[in-house]
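The values are calculated or read from the model by the stated rules, or taken from the named source; none is laboratory data. Computed from a predicted model, the values in this text were never measured in an experiment. Positions of Cβ are backbone-derived with ideal geometry, glycine not excepted, and every protein chain shown enters the neighbour counts.
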Amino acid sequence: MSQEESTSRKAFFSESLNLVKRGLSVQLDKKLHKILEGPVRPPGALDELEFLSSCTRCSACVEACPYQALRKQPQSAGLAAGAPFLDLDRQACQLCSDFPCVNACETGALGSGVVQMGRAVVNEETCLTYQDQVCSLCYDACPYPERAIELGLDFHPKVTSECIGCGACTQICPTHPSSIPVLSPTQWRKKELEERLF
């Protein structure tokens with residue numbers, strides 16, 4: 001084999017390997033992006049990846065919720081299919097004193113001991129107070145007013161770091177879609193990262 005053929009062959013295999021790596025990288029990026037878009041999980045949920053690997057999709061927490069706030073992710077959710085999440089547009093978490101959903105979980109997927117489901121964010125483009133209308137529904141619905149959400153003199157709601165993401169504000173908001181959605185911890189981290197990068 002000539003030197004030229006050997007170099008050509010190496011270049012071919014090198015380029016082929018690079019194409020495979022790029023393809024795997026794109027697939028991995030898609031999977032990670034889907035995980036970063038993960039929904040709001042029940043109270044006490046472990047970090048997203050740990051939660052998904054610990055949860056057996058048994059539905060015990062979904063059945064234990066007295067307010068039917070928990071639902072199961074559809075088959076289209078891929079690796080997260082069947083995992084419980086809070087559909088906050090439909091029903092907020094009522095922060096039950098005994099947390100029946102957590103107590104029903106036998107795998108520890110809801111055993112972090114932290115009731116931090118996410119954090120609400122205000123969409124200034126659709127929030128009524130930014131359109132010169134008076135509205136305090138999100139503030140009034142919050143179980144921790146002045147701690148998790150504040151109203152300024154202009155009535156603009158401001159969500160603080162004390163927000164636990166129960167979704168009471170999301171559910172009561174009169175705009176559709178809600179002007180104060182809750183971001184899951186993974187969505188929140190993604191948002192902060194994007195803000196730092198741009």
Name the residues in the stretch 170-198 that are among the hydrophobic types (A, V, I, L, M, F, W, C) and within 17 Å of P43 (Cα to Cα), would you? V182, L183, W188
Scan the stretch 26-43 and tell me whether some residue there is at pLDDT 95 or above, in contact with a Cys (Cβ under 8 Å, 6 or more places away or on another chain) and either loosely packed, with under 11 Cβ neighbours inside 10 Å or not acidic (D, E) (or both). yes
Among Q75, Q68, Q133, the single one that is in the same structural domain as K190 (by TED's automatic domain parsing), out of contact with any strand residue (DSSP E or B) (no Cβ under 6 Å at 6 or more places or on another chain) and free of Cβ contacts under 8 Å to residues at least 40 places away in the same chain is Q133
Conditions first: (1) more than 21 Å from L46 (Cα to Cα); (2) surrounded by fewer than 14 Cβ atoms within 10 Å (Cβ to Cβ); (3) modelled with pLDDT of 95 or more. G152 passes all but one, so which condition is the exception? (3)
Being within 25 Å of A60 (Cα to Cα) and touching a helix residue (DSSP H, G or I) at 6+ places or on another chain (Cβ under 8 Å): is that true of E124 here? no
Filter the stretch 119-150 down to the residues that are of a type in the set (A, V, I, L, M), under 27 Å from C96 (Cβ atoms) and either over 22 Å from the mean Cα position of the chain (by Cα) or assigned to a loop (DSSP other than H, G, I, E, B) (or both) and list them by number. V121, V122, L137, A148
